[in-house]
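**Student:** The structure is given below, and queries will be raised subsequently.
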Amino acid sequence: MILSDSQREFYTENGYLILEKVICDTTLNNIRMKIDQFIERSRKAGKSNPVLDLDAAHTPDQPCVRRIKDPHIQDTLFYKLSRCDEIIDPVAELLGGTVRFDHSKLNFKPPHGNAVIQWHQDWGFYPHTNDDMLAVGIMIEDCTRANGPMLVIPGSHRGPVYNHHHNGEFSGGIHPDDLGHLVDDAVECVAPAGSISLHHVRTLHASGNNCSNTCRPLLLFSYMAVDAFPIFERYEIEEFDSRIIRGTPTLAGRMETLPFRIAQPRRKGADSIFDDQAMLSRQISAGIRS
Ligand SMILES: O=C(O)CCC(=O)C(=O)O
């Protein structure tokens, strides 16, 4: 056992867990160097592409990258990290022993930029036959109260599945009116660089603006138990099973009685949570309730 009883109980009760200083400084420095290379490359990109999600404010002189998409595909450093024991050991314990990799992203929160991520549950994006699923957030730099750390609502993974649709389309977020005073319970995931957060697929989470002078990168890897099968997605079984990290392939899914909604229809051209949430964010700022 890697996790203590109290850590496992904390996750079961609260739907998240923070483990401090899991990733060593050498790996962090290698990741920082890779990030610099991607940012350098972004200067030549006029608009978002299959690798980079660019903010509207992005220019060659002042790069403003919101996300590196699928970093585990872009570079072996990220691929190896997504499968390293330091991460997979605690993930396996929390998922019941088996682990299938799902996807990755590297989010940036630029200093003093407008980069709020509205409240959401990852379950709203990709429901499965059971919810033994979680995301790991790797803090490449210190996550502090000032730089827009991820916020979670403890215990929300045991609560309702919220509506992520507005104006007849998937909006990737929840209107704060639907959450009411629940947001008063939000906890900031703050910890030094190299720490990881693990949050359950139904845990309500969000993040605010970065009020510091430096960028806040957060690398996210998502995993699920081998017997959790996606609903309303088509996969090839060979590719699906090539992502098993712990456990053996099975065609026998485990079904739990859980509410879900399909993340469709998507906004035209929406390629990330930033695009999905754009309309909702504008409506929330303008005080409009759809
Ligand atoms: O980057 C963040 O602060 C949170 C990201 C997140 O929740 C997501 O991309 O789904």
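**Student:** Is there a residue being over 26 Å from R8 (Cα atoms), polar (S, T, N, Q), in a strand (DSSP E or B) and in contact (Cβ under 8 Å) with a residue 40 or more places away in the chain anywhere in the range 145-159?
**Tutor:** Checked the range 145-159: no residue is over 26 Å from R8 (Cα atoms), polar (S, T, N, Q), in a strand (DSSP E or B) and in contact (Cβ under 8 Å) with a residue 40 or more places away in the chain.
**Student:** Residue check: is G194 of a type in the set (G, A, S) and either in contact (Cβ under 8 Å) with a residue 60 or more places away in the chain or surrounded by 14 or more Cβ atoms within 10 Å (Cβ to Cβ) (or both)?
**Tutor:** yes
**Student:** Evaluate the range 172-186: report whether one residue or more is within 14 Å of the ligand (Cβ to nearest atom), more than 14 Å from the chain's Cα centre (by Cα) and without any contact (Cβ under 8 Å) to a residue 40 or more places away in the chain.
**Tutor:** yes
**Student:** Count, please, the residues in the range 117-146 that happen to be within 17 Å of I196 (Cα to Cα), near the ligand (Cβ under 10 Å from one of its atoms) and surrounded by fewer than 22 Cβ atoms within 10 Å (Cβ to Cβ).
**Tutor:** 0
**Student:** Looking only at the range 213-254, which residues are under 18 Å from F78 (Cβ atoms) and among the polar types (S, T, N, Q)?
**Tutor:** Passing the criteria: S222, S242.
**Student:** Please note which strands (runs of 3 or more DSSP E) are completely contained in the range 1-102 and include at least 3 residues that are aliphatic (A, V, I, L, M) and crowded, with 17+ Cβ neighbours inside 10 Å.
**Tutor:** 16-19
**Student:** Can you pull out every residue in the range 102-116 that is more than 12 Å from the ligand (Cβ to nearest atom) and touching a helix residue (DSSP H, G or I) at 6+ places or on another chain (Cβ under 6 Å)?
**Tutor:** none
**Student:** Can you tell me which of I73, I117, I68 is among the aliphatic types (A, V, I, L, M), closer than 30 Å to R254 by Cα and under 17 Å from the mean Cα position of the chain (by Cα)?
**Tutor:** I73
**Student:** Something else: Name every residue in the range 250-279 that is more than 13 Å from the ligand (Cβ to nearest atom) and farther than 21 Å from H175 by Cβ, in order of residue number.
**Tutor:** Answer for the range 250-279, where residues must be more than 13 Å from the ligand (Cβ to nearest atom) and farther than 21 Å from H175 by Cβ: T250, L251, A252, G253, R254, M255, E256, T257, L258, K268, G269.
Quick note: the coordinates plus some simple rules give every number you see, no bench work behind them. As the structure is a computational prediction, the values presented were derived from the model and not from experiment. In this analysis, Cβ positions are derived from the backbone assuming ideal geometry, glycine residues included, and neighbour counts consider all displayed protein chains.
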